[in-house]
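Notes for the one structure printed next.
The values are calculated or read from the model by the stated rules, or taken from the named source; none is laboratory data. Predicted model only: the values in this text are computed from it and were never measured. All Cβ positions, glycine included, derive from the backbone under ideal geometry; neighbour counts span all protein chains shown. Heads up: the accessible areas ignore ligands, DNA and RNA and are worked out on the full protein's heavy atoms, side chains in. Shrake-Rupley method; radii C 1.70, N 1.55, O 1.52, S 1.80 Å.
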Amino acid sequence: MKKYLCLLLFLPSLLLSQQNISSPEKTFGFKMGDDRKLIDWTQIVSYFKTVDELSNRVVVQELGKSTLGKPFVLAIISSEANIKNLERYKSIQRQLAKPYTLETNAAAQLVDEGKTVVLITLNIHSTEIASTQESVELLYEFATSQSPQVEKILDNVIVLLIPSLNPDGQQLVVDWYKKTLGTPAEGTAPPELYHHYAGHDNNRDWFMYNLVESRHAAKVLYHGWFPEIVYDQHQMGSNGPRLFVPPYADPVNPNVPPLLTAQTNLLGNYVVADLHRQGFKGVVTGTIFNAFFEGTMSKTPLWHNRIGILSEMASVQIATPIYFPKGSIGGAGLDLPENKTQTNYLDPWEGGWWRLRDIIDYEKAVTYSLLDFAAILKEKIKTNFYALNHEAIRAGQSAPPYAYIISADQHDPNAAAILANKLMIAGVEIQQTTQAISIDNKKIPAGSFYISLTQPSRMYIKDLFEAQNYPDLKQYPGGPPRIPYDVTAWTLPMQMGVEVVELDEPVAVQAKSIQQAVTPAGTPSTAARYYLIERRYTNSFGLANALLKDSVTVFETMQPAQLENKKFDAGLFVIAADEIARAKLDGLSKEWEVPLYGVDTKPTSPMREIKAARIGIYQPWLTSMDEGWTRYVLDQFNVAYQILHNEDFKKQNANLKQDLDVIILPDMSTTAIVDGRRGGGDEDSREDEPVLGTPELPKENQGGIGKEGVEALKAFVKEGGTLLAFGGAANFAIEKLRVPAVNELKGVPNKDFYAPGSIFEVDIDTTQPLAFGMHDKAFIYFTNNPAFRLLPYVKESKIIASYGDSSPRRSGWLLGAERLSGNVALAEIPIEKGRVIFYGFRVQHRAQTHGTYKLFLNALLQSK
Ligand SMILES: [Zn+2]
């Protein structure tokens, strides 16, 4: 009895509070992962906040709001002693991450004192819902468990847990699941993008940082915590292996240090061993998922000297289980042709029921194993992190490229500043020159951005700035290409139309560090009678749209103009300088960072008034990420628009021209637009129709625009409307509207022509209004899109962008360059009173291709 009392007296405060933490099962009334049961974002955040209050091992922070205003949270989890010293551990991380002056001995002391920092991110893809249900269980166990395993982890590791990288989508999917539970639609994905702008592409944003959620995570990755290990949880298709973890598949990106790939492989295989010890089956490595592309959450750390781990679990139908009869499990990609034992797949799963709870069990097992690795190998992991950062700095002093300079003398100065800001979000250090210099007889004015490669982010910068040479991988010698996991090109200066000078010799520059890049604007002169805004500034479109919203009259010049000794390209925005315009312009030019020219004489070039068009975007129930990114770009540039659903095309007496001047069809196949089926090109194929009795979207969310929609679109164009057909939608315009053109790449097998996300250079006819503000050469983004030959017609078709005779490839993979020779990339085809504009590339691809935005935004200003 006495002994018992003693024990009570020495109960740490931790244990007392732990007793008050209620388990997820008790809190929510069911075990996480029970069939057909889900908790939503409100419940998750509330549980996290409660544990934050009651536990000395957990600190929960709100990093900001999601796109639609939900709390975006981070839990910091470690032992009570570590939690008391978080600022010290952060400081250690920063010193190891930026070891400019940190010597080996001092680093060893910091390694000894520090903890391994592991960032775990969940549920970036909202229908991959299991991890959010897992998150509360992990939090509960870390906060309350006294097991030696958990204590070892918490003593040696600081766990950073983001329970969803997309809170809006988590809520959307749970709401949709509950709404459709018990109906034929139970287990379907919602008929809208689960990220407001990006859908699934929210995991293609990790160098561009368009999305606020990515930027919140970047604060943790590159400014606050500098975690050495990043682990991102996903789910994949249902019918193959149960779990994928690294080693990643080939090919290997040349800019990832071998030590880092080796450590990632080691950690992956450590997890595999742990899972087999615990009897988990169906674990595969080294297939499908490669680490060549750096735009995803689990991979981007590899260019920042961190270990990046991905897990992919076989899915269920949201929370509805699936039964797999014996023999129904397949392989996964070329590196696992069948569900049979081989070296990267040691213990096949043979089938049976598969439930949400199974996914959680696997994911938890991976998480514990990974954290165990982080705890046991703390010294090695941290020492290597320091060594890799140190080596990046050293390499920057002894091998080219030494630096990149983004000259202030730039066709589009806004794009240059935006590019610099994107880099700084990812922790890149940038300076601005304070003196003009000359490199290879090119004058680089003061105010240019200088990016030294003597910094830890060396490989990240290099990989973003150089052209990608994707290896020419075939399925077998002479056979079709091995499909890459994602795109094969992302060279950011090309995508953004920014000119960069690479320094292959060290050059001394006078420069100062900056935290933000700004394009110089200036105040309008009060005496001027007209204000001119140059269209080469991308942001001039945002400014012009803001003026139109405020009912200020804006003209554009139709030809080049010479004014007061300065030459201006065609497409100059011209505003008469009354009091109202002047007052507005002052603020707007600063906000949009666009300079104004005040002049006293009107330009002599012919001018026309531009007007805000009434714009509609087709939003399919199948969902289209391209549609979402289009809205993103329009929102960025202050353009109003409305959403069109199938009904708007199909309803009786639909008169689209009455309400709209422009209709945008996102990059979609003909079958998807007309019938609402993913399918391939073959209209009669019914293979993508659901198996009888499997989950199916409600009737009102099925189908496409139908035959009625095709007729309504024909009438729209004939009566004066402008139809923008993005990428594959041009095929629809050719095949269904019978616009006089052919797609020269239609039906060409991929062994003869293939370009799965590559950057090409094309010629631009800058005399065409659609190309105002552009250079006469441009980089375009191409993802197996059409290339056109225009046909004889009763009206004059216009070629805006075209391919030359030599290979247009500038970055990424291209098979069959000769197929593009002489073809058209962008055309404007007048049809009666209206017109169709074909974009044979991705004009606003993932909101990354700032360099071609103008070719899109011009069409909107010239359609009314
Ligand atoms: Zn995923």
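What to note about this one:
- Every residue from region 786-802 that is open to solvent by 10 Å² or more (accessible area, probe 1.4 Å) and outside any strand (DSSP E or B): Leu791, Pro792, Tyr793, Val794, Lys795, Glu796, Ser797
- Count of residues meeting criterion [modelled with pLDDT under 95 and part of a helix (DSSP H, G or I)] in region 592-629: 0
- Flag for Glu141 being at pLDDT 95 or above, open to solvent by 30 Å² or more (accessible area, probe 1.4 Å) and assigned to a helix (DSSP H, G or I): yes
- Unique residue being in contact (Cβ under 8 Å) with a residue 12 or more places away in the chain and either within 16 Å of the ligand (Cβ to nearest atom) or within 19 Å of Lys378 (Cβ to Cβ) (or both) when the list is Glu113, Glu137: Glu113
- Residue list for region 707-757, filter: on the phi > 0 side of the Ramachandran plot and either touching a His at 6+ places or on another chain (Cβ under 8 Å) or in a strand (DSSP E or B) (or both): Gly757
- Leu243 vs. criteria crowded, with 21+ Cβ neighbours inside 10 Å, more than 16 Å from the ligand (Cβ to nearest atom) and not aromatic (Phe, Trp, Tyr): no
- Residue satisfying condition, being of a type in the set (S, T, N, Q), open to solvent by 10 Å² or more (accessible area, probe 1.4 Å) and within 16 Å of the ligand (Cβ to nearest atom), within set Thr127, Thr132: Thr127
- Selected residue (only one of Asp205, Asp155 is within 14 Å of the ligand (Cβ to nearest atom) and acidic (Asp, Glu)): Asp205
- When residues of region 831-845 are limited to those that are out of contact with any strand residue (DSSP E or B) (no Cβ under 7 Å at 6 or more places or on another chain) and either at pLDDT below 95 or open to solvent by less than 30 Å² (accessible area, probe 1.4 Å) (or both), the one nearest to Lys864 (Cα to Cα): Ile831
Each row is one residue, and each column tells you yes or no for (1) touching a residue at least 60 places away in the same chain (Cβ under 8 Å); (2) under 16 Å from Pro756 (Cα atoms); (3) surrounded by 24 or more Cβ atoms within 10 Å (Cβ to Cβ).
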position	(1), (2), (3)
Phe772	yes, no, yes
Ile780	yes, yes, yes
Ala817	no, yes, no
Ser821	no, no, no
Glu828	yes, no, no
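- Per-region count, region 282-312, residues outside any loop (DSSP other than H, G, I, E, B), within 14 Å of the ligand (Cβ to nearest atom) and touching an Asp or Glu at 6+ places or on another chain (Cβ under 6 Å): 1
- As a summary of the residue check, Lys474 satisfies the conditions (1) basic (Lys, Arg); (2) under 25 Å from Phe779 (Cα atoms); (3) surrounded by fewer than 23 Cβ atoms within 10 Å (Cβ to Cβ) except for the one numbered (2).
- Residue count for region 457-471, restricted to those that are surrounded by fewer than 19 Cβ atoms within 10 Å (Cβ to Cβ) and in contact with a Gly (Cβ under 9 Å, 6 or more places away or on another chain): 2
- Per-region count, region 316-331, residues within 16 Å of the ligand (Cβ to nearest atom) and either more than 32 Å from the chain's Cα centre (by Cα) or open to solvent by less than 20 Å² (accessible area, probe 1.4 Å) (or both): 2
- When the test is whether a residue is within 16 Å of the ligand (Cβ to nearest atom) and within 22 Å of the chain's Cα centre (by Cα), Gly237 passes it.
- Test: residue in region 50-61 that is closer than 19 Å to His196 by Cα, open to solvent by less than 50 Å² (accessible area, probe 1.4 Å) and part of a helix (DSSP H, G or I): no
- Any hit, region 210-226, residues being within 15 Å of the ligand (Cβ to nearest atom), out of contact with any Phe, Trp or Tyr (no Cβ under 8 Å at 6 or more places or on another chain) and open to solvent by 10 Å² or more (accessible area, probe 1.4 Å): no
- Residue match in region 157-169 (condition: in contact with a strand residue (DSSP E or B) (Cβ under 9 Å, 6 or more places away or on another chain) and charged (D, E, K, R)): no
- Criterion: touching a strand residue (DSSP E or B) at 6+ places or on another chain (Cβ under 7 Å), closer than 23 Å to Ala395 by Cα and not in a helix (DSSP H, G or I) - qualifying residue of Pro227, Pro241: Pro227
- Selection over region 79-129 of residues that are part of a loop (DSSP other than H, G, I, E, B) and among the charged types (D, E, K, R) gives a count of 5.
- Any hit, region 763-776, residues being modelled with pLDDT of 95 or more, of a type in the set (Ser, Thr, Tyr) and touching a Gly at 6+ places or on another chain (Cβ under 9 Å): yes
- Any chance Glu192 is more than 16 Å from the ligand (Cβ to nearest atom) and farther than 30 Å from Asp626 by Cβ: no
One line per residue, one yes/no per condition, for (1) more than 18 Å from Met774 (Cβ to Cβ); (2) open to solvent by 40 Å² or more (accessible area, probe 1.4 Å):
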site: Ser513; (1), (2): yes, yes
site: Pro520; (1), (2): yes, yes
site: Pro524; (1), (2): yes, no
site: Glu534; (1), (2): no, no
site: Thr538; (1), (2): no, no
site: Asp550; (1), (2): yes, yes
site: Glu556; (1), (2): no, no
site: Gln559; (1), (2): no, yes
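- Residues within region 423-456 that are open to solvent by less than 10 Å² (accessible area, probe 1.4 Å), within 19 Å of Ser398 (Cβ to Cβ) and assigned to a loop (DSSP other than H, G, I, E, B), tallied: 2
- Among residues of region 221-235 that are at negative phi, those with a beta-carbon under 6 Å from a residue that is of a type in the set (D, E, K, R) and within 16 Å of the ligand (Cβ to nearest atom) at least six positions away or on a different chain give the pairs Gln233/Glu363; His234/Glu128; His234/Glu312; Gln235/Glu128.
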